[in-house]
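In what follows, a single structure is set out as structure tokens and then discussed.
The values are calculated or read from the model by the stated rules, or taken from the named source; none is laboratory data. These numbers come from a predicted model, not from an experiment. Neighbour counts run over all protein chains shown; Cβ positions are idealised from the backbone, glycine included.
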Amino acid sequence: MSVLRLRRALPGPRATLAAAGVLAAAHAAPAITSIGPLRRRLLPNLAGVGDPGHVALTFDDGPDPRSTPAFLAALREYEVTATFFLLGRMLVEAPDVGRELVDAGHEIAVHGWEHRCMLLRGPAATYDDLARAVETIVDVTGTLPRWYRPPYGVLSSSALRAARRLGLTPVLWTNWGRDWTRAATPASVLATVTRDLDGGATVLLHDSDCTSAPESWRNTLGALPPLLEEVREQGLAVGPLRDHALPRSAATA
């Protein structure tokens, strides 16, 4: 083939840019599920809408030796277990705390290796991140995680494929406390997380400030007892995702 014919056969700049745009859009499309009201209405399983007589309590970003033990103590006092979405790099730094979570009956889940937005990673880097986190959790705690929650609650097509390959079910949340901000207080966390809180909800809180405002975990800890009391006053059980009657399939996302 002559050079001229070869040039004619190759896609032009506009076609190349268009193809790249399509691929980028497909990669980012699942990120629309980060919009809470839309997620809860259209994808209730991904939002964590479960048993109407139960509230799932979940924590992100640990384990943190400075703060997670305080949450363990508070939950022990109320005889409540929860699901902890761990960062692999944090677990490596605090393996004893990770094992303590399991010994106390809490459920371990995957938040990734690092707290980076999945939209900024390609398929190989995304899979490596999740696989490394899963391997670390298994090695350190002896448990095989079931659930996956991406950093910032932002999914990508690569993250969904990686989760499926690793047997993980993505789950986000229905209610959060906005407890990572500098302006948060125990009262604001409680008011925010209990707004429209009802049976079947999945609550997102943070047991570490490794990606949040310094010392923000103290506001979360302060809001935890009144939150547990309010849920029980509604006649609802509270516990981990494993008791929340969600389907175990990454395809639900």
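Of everything in the range 99-112, what is among the β-branched types (V, I, T) and either assigned to a helix (DSSP H, G or I) or out of contact with any Pro (no Cβ under 9 Å at 6 or more places or on another chain) (or both)? Give them in sequence order. Step through it out loud before you land on a result.
Narrowing the range 99-112 to residues among the β-branched types (V, I, T): 102, 108, 110.
Correct list: V102 only.
Tell me the residue from A82, A28 that is of a type in the set (A, V, I, L, M, F, W, C), in contact with an Asp or Glu (Cβ under 9 Å, 6 or more places away or on another chain) and either surrounded by 12 or more Cβ atoms within 10 Å (Cβ to Cβ) or modelled with pLDDT of 95 or more (or both), please. If you could, list the steps in order and put the result at the bottom.
On the way: A28 fails: in contact with an Asp or Glu (Cβ under 9 Å, 6 or more places away or on another chain).
Matching residue, one of A82, A28: A82.
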- Looking only at the range 139-175, and only at residues there that are farther than 18 Å from E114 by Cβ and free of Cβ contacts under 8 Å to residues at least 40 places away in the same chain, the one that is nearest to the chain's Cα centre (by Cα): N175
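Select from the range 37-60 the residues that are touching a Leu at 6+ places or on another chain (Cβ under 7 Å) and in a helix (DSSP H, G or I) and list them in ascending order. Full working, then the answer.
Here is the first cut: in the range 37-60, the ones touching a Leu at 6+ places or on another chain (Cβ under 7 Å) are 39, 45-48, 50, 53-56, 58-60.
Those that are touching a Leu at 6+ places or on another chain (Cβ under 7 Å) and in a helix (DSSP H, G or I): R39, N45, L46, A47.
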- Message: With the structure loaded, tell me whether V238 is assigned to a strand (DSSP E or B) and modelled with pLDDT of 95 or more or whether it fails that test.
- Response: yes
- Given the conditions (1) closer than 24 Å to Y78 by Cβ; (2) without any contact (Cβ under 8 Å) to a residue 12 or more places away in the chain, which single one is not true for L120? (1)
- All but one of (1) surrounded by 14 or more Cβ atoms within 10 Å (Cβ to Cβ); (2) under 25 Å from L166 (Cα atoms) hold for T68, so report the exception by its number. (2)
- Query: If you scan the range 131-159, which residues turn out to be among the charged types (D, E, K, R) and surrounded by fewer than 21 Cβ atoms within 10 Å (Cβ to Cβ)?
  - Reply: R132, E135, D139, R146
